[in-house]
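For reference, the structure is listed below as structure tokens.
The values are calculated or read from the model by the stated rules, or taken from the named source; none is laboratory data. Since this is a predicted model, take the numbers as computed values, not measurements. All Cβ positions, even for glycine, are placed from backbone atoms using ideal geometry, and neighbour counts span all protein chains on display.
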Amino acid sequence: MKKIGWSILIGLLAIVSLNAQETVHDNKKEENTFTLKSIIKVFPLNALTGEIGIGYERAIKPKASLNFILTQGFNKQSFYNSLSERSYYLFFEIGVRRYLSKRKKAPEGWFASGALFAEYININFNNESKNNDIERIQGGISGKIGHQWILKNALKGMAIEVAGGLEYGTFTIFNSVIDFTVGYSW
């Protein structure tokens, strides 16, 4: 029940945050200037595998930003001969991004990032005669490179990101990572 509560809370946070937009009014001109400082993101492809993910990025300098990711997943499968598997997964990452484009400011354009992550995995194998439980907590580092687009005309504020890289954890050796996110910037 706690898992469903957390999922609903994350979903509501994403919906409420999508309604925010910041504009700066210039006294000399009568037009609004669109400024980017924050992005809230969701991971739509992870939802296909039963995971719910939310991310937040905050620009701290013209070419740098902080990036936070929280992902939660649960899966229940039944196999033949009364064997079933139930798994729970929680992942948290905090990282720094450096934007590489000369003409664009953070958080837009090509970037390289480094991050620290922690994850918790609980897998329960249930058989007629046995019940095996595997629980693991690990930490590690990751490095990614990618591109982020911010739409400013038609869908003002929509952000799309594609990134890939490697993770190195205490139990896993060099795991590849591919991220696709859709979000809203303000």
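Tabulated data
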quantity	calculated
Leading residue by the ranking (surrounded by the most Cβ atoms within 10 Å (Cβ to Cβ)) among those in the stretch 85-106 that are touching a residue at least 40 places away in the same chain (Cβ under 8 Å) and within 25 Å of Q72 (Cα to Cα)	R97
Conditions (1) more than 17 Å from the chain's Cα centre (by Cα); (2) surrounded by 13 or more Cβ atoms within 10 Å (Cβ to Cβ); (3) more than 30 Å from F79 (Cβ to Cβ); number of the one not met by L151	(2)
Subset of the stretch 39-48 (residues that are at pLDDT 95 or above and not in a loop (DSSP other than H, G, I, E, B))	I39, I40, K41, V42
Only one of E51, E57 that is at pLDDT below 95, within 18 Å of F180 (Cα to Cα), acidic (D, E) and under 14 Å from the mean Cα position of the chain (by Cα)	E51
